[in-house]
1. What is the calculated FRET efficiency for Arg162 to Asn136, with r their C-beta to C-beta distance and R₀ = 41 Å, to the nearest 0.05?
2. Taking loop as defined by DSSP and a crowding limit of 12 other beta carbons within 10 Å, which trypsin sites (Lys or Arg not before Pro) in the range 132-164 fit?
3. Using 0.36 nm times the number of residues separating Ala42 and Leu55, minus their current alpha carbon distance, what extension gain do you get?
4. Across the range 129-135, in residue order, what do the Karplus-derived ³J(HN,Hα) couplings come to in whole Hz, using 6.51 cos²θ - 1.76 cosθ + 1.60 with θ = phi - 60° and x for Gly and Pro?
5. Do any GluC sites (Glu not before Pro) in the range 83-144 lie in a DSSP loop with no more than 10 other beta carbon atoms within 10 Å, and if so, which?
6. Students often get this wrong: which residues of the range 80-123 have the backbone nitrogen under 11 Å from the point 7 angstrom along Cα-to-C-beta of Asn147?
7. Spelling out what I want: for every residue of the range 158-166, take phi, set θ = phi - 60°, compute 6.51 cos²θ - 1.76 cosθ + 1.60 (Karplus), and round to whole Hz; glycine and proline get x.
8. Debye sum, Cα scatterers, the range 30-176, no solvent: what log₁₀ I/I(0) at q = 0.18 1/Å?
Amino acid sequence: MKKSLLSAALLVLLAVVTFSCEKINDLLTFEISDTQNFTIPATPLVGGLPVTLTLPVPVTNKASETFSKNNTSADLVKDVSLSKLTLTITDPTTENFDFLQSIKISIGTDQNDKVVMAQLTEVPRGATSIELQSTNAKLDKYIKAPNYTLYTEATVRQATTREITVKEESRFKVTADPL
């Protein structure tokens, strides 16, 4: 009888601790949103073959402002992951992503320190906005850095006769330590 009461008490205690830890994690988890624009240059196809473009976009990181608003700092951040990345054509407004075969976006603090954070291996036709799939890479050091660069690698399936401006909207899930 004593053993079953002790087991029941331990189970209740374990449930309370687990629930409390989840609640604390929820309180220490928030999102950082960021928006960048980049331009895809007019791209002729050579011999009808797809062309791969690499476009670096430098970003001045404003994450420290969001850390402060959430009562934390970069040194307390323990986990950052990409929760959403959307690309939308903003100019010309009549354009769609038909010219694009695939796209991959990496993040890095320099050319030798980058990781793929999102990609789309087959871009749907007719879309003016696409959502890339997160690779679930650990992005802590990039979001904590004062600056980082987004490296867009795009494979073009058909020629474009003019520049295309694209808005990149990303959302990062951030979890900080309480102490």
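Rule-based calculations on the coordinates, nothing more; no lab input. In this text the structure is predicted, and so the values were computed from the model without any measurement. A quick note on method: Cβ atoms are made from the backbone with ideal geometry, for glycine too, and the neighbour counts reach across all protein chains shown.
1. So, using R0 = 41 Å, E works out to roughly 0.70.
2. Taking the range 132-164 and a limit of 12 other Cβ atoms within 10 Å, the loop trypsin sites (Lys or Arg not before Pro) found are Lys138, Arg162.
3. Difference between extended and current length: 3.4 nm.
4. With coefficients 6.51, -1.76 and 1.60, one gets 9, 9, 10, 7, 8, 5, 8 Hz.
5. Glu122
6. 110
7. Along the range 158-166, the couplings run 9, 4, 10, 9, 8, 5, 10, 8, 10 Hz.
8. -1.01
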